[in-house]
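Nothing in this text is a laboratory measurement; each read-out follows from the coordinates by a stated rule. Just so it is clear, the structure is predicted and the values come from calculations on it, not from any experiment. Here the Cβ is made from the backbone with ideal geometry for all residues, glycine too, and neighbour counts use every protein chain on show.
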Amino acid sequence: MWDYTDKVKEHFLNPRNVGDIEDADAVGEVGSLACGDALKLFLKLDENKERIVDAKFQTFGCGSAIASSSALTEMIKGKTLDEALQITNQEIADFLGGLPEEKMHCSVMGQEALEVAIAKYRGGPVPTQDHGHDEEQEGEIVCKCFGLTDGFLKKVIAQNRLHTAEQVTHFTKAGGACGGCLPKIRELIAEVLGEQQQSPPRKPEKLTNLRKMQLIQEVLENEVRPQLWTDGGDLELIDIAGANVQIAFRKACAGCSSSGYTSKFVEQKLRELVSDDITVEEVQG
């Protein structure tokens with residue numbers, strides 16, 4: 001059974017801004033009933049047609065889909081269109097105190113609906129999960145069961161720093177039905193990771209404490225520990241107190257005379273990918 005935060009439960013049981021806006025300035029619709037999740041987002045703009053003064057939604061899906069849609073509408077009201085476009089699916093999840101990884105596709109759906117609504121309003125190319133039915137869009141269908149393109153999947157992989165096909169399934173549903181696209185998904189992950197290694201990493205801005213802790217854990221798990229494993233070593237995350245990260249070295253790294261240099265490597269990696277103020281402290285235990 002998934003562990004939902006109190007805020008997820010609150011927005012599921014008492015969702016905000018449910019319904020439609022008859023004279024909406026922008027409407028974004030993503031997903032499908034056949035796939036099990038669908039979201040329609042309505043936006044009303046101010047007299048200058050630049051700031052969102054009202055937002056409502058209609059959705060078909062699980063409790064996480066309802067909560068994510070409710071959270072999104074609360075987050076975007078009062079923002080300009082450009083400010084709203086800066087909202088990521090991870091920020092939607094953070095607003096709710098976190099979502100189980102298996103339900104992260106609900107926050108992705110919300111971000112996608114917002115992008116579609118604003119793109120349609122502005123008359124530009126419409127970003128959709130299924131680009132195969134729009135001649136103006138480029139992309140090859142990878143997941144035929146859910147109609148998801150390589151462009152959409154690469155975007156989600158890059159934005160959320162996904163490293164496994166299972167994570168991609170949790171965030172998009174791709175590969176969750178017949179599984180025939182899993183080899184292609186793994187190819188896309190390798191492609192995105194290769195592109196990220198070639199370009200300077202970009203640190204997220206305005207990190208919440210929860211998000212900073214999540215990123216620290218992700219960097220240690222995906223960027224640091226695999227390098228230690230190659231030499232027979234390992235580390236364990238002991239504690240995170242603000243910007244101070246306590247770690248303990250394990251296996252071949254435990255008691256190694258070079259552990260001080262390794263600590264500096266870990267600190268540099270966390271500062272590079274999470275926040276400039278992070279300090280790493282090695283503890284025994």
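Annotations for the structure displayed:
- For Glu281, residues with placed amide H under 5 Å, excluding near neighbours: Val245, Gln246, Ile247
- Every pair of different Cα atoms in the stretch 137-199 enters the Kirkwood calculation, which places the hydrodynamic radius at 11.4 Å.
- Between Glu272 and Glu140, the simple spin-label model (points 7 angstrom out along Cα→Cβ) gives 3.1 nm.
- More than 27 angstrom apart: percent of Cα pairs within the stretch 1-127: 12 percent
- Contact order normalised by residue count of the stretch 1-127, Cα under 8 Å, 6+ apart, percent: 30 percent
- Protection proxy ranking of 80-87, 242-249, 166-173, by the mean of other Cβ atoms within 10 Å over each peptide's residues and highest first, is 166-173, 242-249, 80-87.
- Evaluated with a Cβ-only charge set (Lys, Arg +1; Asp, Glu -1), the chain carries a dipole of roughly 360 debye about its Cα centre, given to the nearest 20.
- Per the Debye calculation on the stretch 203-285 with a single equal scatterer at every Cα and no solvent contribution, log₁₀ I(q)/I(0) for q = 0.13, 0.14, 0.26 Å⁻¹ amounts to -0.36, -0.42, -1.37.
- Relative contact order for the chain, counting Cα pairs under 8 Å that sit 6 or more residues apart, in percent: 12 percent
- Ile238 versus Thr164: modelled label distance in nm, points set 7 Å from Cα along the beta carbon direction: 2.7 nm
- Packing, taken as the mean count of other beta carbons within 10 Å per residue, orders the peptides 261-272, 60-71 from highest to lowest as 60-71, 261-272.
- Here the simple spin-label model places points 7 Å from the Cα toward Cβ, and for Gln86 and Glu281 these points are separated by 3.3 nm.
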